[in-house]
Amino acid sequence: MATVLLLCWRDSGHPQGGGSEHYLETMGEALANAGHRVYYRTAAYLGVPAQQDHNGIRFSRGGNRITVYPRALAALVCARWGRGPLADMGVPDVIIDTQNGVPFFAHLVSPAPVIILEHHCHHEQWPVAGPGLAQLGWWLESWLSPRVHRDCHYITVSEASKRELQRLGVDAARIAVVPNGCTPLRADQPVRLAPLEGDATLRLVTLSRLVPHKQLEHALTTLAALLPSYPHLHLDIIGSGWWEAELRQHARRCGLTAQQVTFHGHVTDTRKHQLLAQAHLHLMPSRKEGWGLAVTEAAQHCVPTIGYRSSAGLTDSVVDGVTGLLVDSLEGFREATQRLIDNPQLRAQMGKAAQQRAYGFSWEASAARFRSLTMSQVMAV
């Protein structure tokens, strides 16, 4: 039995938690189910305890989105002496250091082997932090981190993200790709609540955190451009985030009403699948994705995805022209959306192909691969 420490700035219950946190927790649960002791150190937020056992994982929370890093390192150091919030952990056998732009640099304070988990590089996202912080953050991610972790192994979720890491100087031999899985629908989660073809209202959907780099403005702009010709369109925006007020303002500037676009906020898993089951097209105009878990979730309901080729990860999760369409500009995004609105048979064909491909991804298989890679580092010590 090994002791595994997972470091991540958020967990899936955090108001800004998303697919990457779900990925890490799924892997952690698989490690716990295999008999290992699993700890997850992350930031604190309202309504949750500082210490919590959930699905076999011991969660330890402290700090905000900035102070979570030094406080996690302090907890890791104190644990060596049986003190602090991770006192009962001691020295872990392996650490998964999640690099969401910036890693925890656990390698500097712990003798344990460290695996860097990076879903994608963040060059396109750093500017939202402001000029000074963006420059510092990208330097930490692109220059310092590869050098500090030059002997560490990496896990990422797509071949596109692996190529990005290689461009930063990480040896390909040290990078393993473990893709997102697909959770089978429950018996009470229907595949479709609306016909693939011929429905009176054609529903577009986005499933995403509401943050700038997801570029949901492009979905709203596309809807506004198409409504004069297709008045039966409706956009469902699923998810929450600190950019919501800006998106609502953009919707008003586009002349969109509550009858044309619905901001659902954070919803339950059951409600999420209900909304996906009545959707016809999944719009994912994100500037950057490691993989795009929402692509697979929509695909389970026979919903094809339209996204940007430049997002990197979508070139792995979407088979262009088969399970969806990848484009290179906002105008191309609008044209692709219109093309699948005008061609319900092609839309249905792509949706069914997307569903078949989604069935090929398994959390069990990904977790087994993740567990093998993690334990190989324990055995190498």
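Across the range 193-206, which residue is farthest from residue 276 (Cα to Cα) among those that are at pLDDT 90 or above and either in a loop (DSSP other than H, G, I, E, B) or not β-branched (Val, Ile, Thr) (or both)? The residue in question is 202.
Candidates are the residues of the range 225-258 that are in contact with a His (Cβ under 7 Å, 6 or more places away or on another chain) and of a type in the set (A, V, I, L, M, F, W, C); the one that is farthest from residue 334 (Cα to Cα) is 238. When we screen 222, 183 for residues that are at pLDDT 95 or above and touching a Phe, Trp or Tyr at 6+ places or on another chain (Cβ under 7 Å), the only hit is 222.
The single condition from (1) surrounded by fewer than 21 Cβ atoms within 10 Å (Cβ to Cβ); (2) in contact (Cβ under 8 Å) with a residue 24 or more places away in the chain; (3) not in a loop (DSSP other than H, G, I, E, B) that residue 372 fails is (2). Identification of strands (runs of 3 or more DSSP E) wholly contained in the range 225-309 with 3 or more residues that are surrounded by 20 or more Cβ atoms within 10 Å (Cβ to Cβ) yields 233-238, 281-284, 305-308.
Name every residue in the range 139-169 that is of a type in the set (A, V, I, L, M) and in contact with a His (Cβ under 8 Å, 6 or more places away or on another chain), in order of residue number.
So in the range 139-169, the residues of a type in the set (A, V, I, L, M) come out as 140, 144, 148, 155, 157, 160, 165, 168.
Matches in the range 139-169: 148, 157, 160.
The values are calculated or read from the model by the stated rules, or taken from the named source; none is laboratory data. Being a predicted model, the structure only gives us computed values, none of them experimental. Don't worry about glycine lacking a Cβ; one is built from the backbone with ideal geometry, like all the others, and counts go over all protein chains shown.
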